[in-house]
Amino acid sequence: DGGTTDGAELRLTGHAGLVSGSVAYAYQLTSYTSPGLGFAPSEGDRPHSLTANATVSFPRGWRRGTSAGKVLEATSATVLARYASGARDYTCAVTTFVAPAAPSCTQSYLLVANGPGRLPSIKTVDLRLSRSFDVGDYALSFFIDAHNVFNFRNYTGAIGNQPNTSSALDEARV
């Protein structure tokens, strides 16, 4: 559709002892052209993203002979945090819905009087814990992945003909 994405990213990485990590910021502007509509910003455009990750890794034999070494050797923990600005949301005029049960807009939604707004930003914090054990000549690894550990509410779309992230009518149907 003639779409383009322009942007820049800045990333800092580092390592100190048992800890390694990085922090990154990205800015991007996505746009597309559509016959009859001309130049318009993309619906999925999230111009600002900030990510950070940190890993603590305890190697095999770390502090051998100590209680801490016995518990933590061959163990690692990784935390990944992400923040992204809200995606564009185009509020539909009531008459443009294709089906009331599953609202979606026809192409005229780009021309709504108030123009596109933004949904709330998204944020997540994920955690991964892993541990390896020697079994003969082999290493057996176990891990636990926990996604969105703080249970942040992340919205990916607005409801109906309003730029809201909830609908009393939809909640009453559940």
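Bear in mind these aren't lab numbers, they're just calculated from the coordinates by the rules spelled out. Here the structure is a predicted model, which means the values were calculated and not measured. Heads up, the Cβs are rebuilt from the backbone with ideal geometry, glycines too, and the neighbour counts pull from every protein chain shown.
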Which FRET efficiency value, to the nearest 0.05, is calculated for Val71 and Val19 with the Förster distance at 22 angstrom and r the Cβ-Cβ distance?
-> 0.80
Added length on full extension, which subtracts the Cα-Cα distance from 0.36 nm per residue, Lys123 to Val149 | 8.3 nm
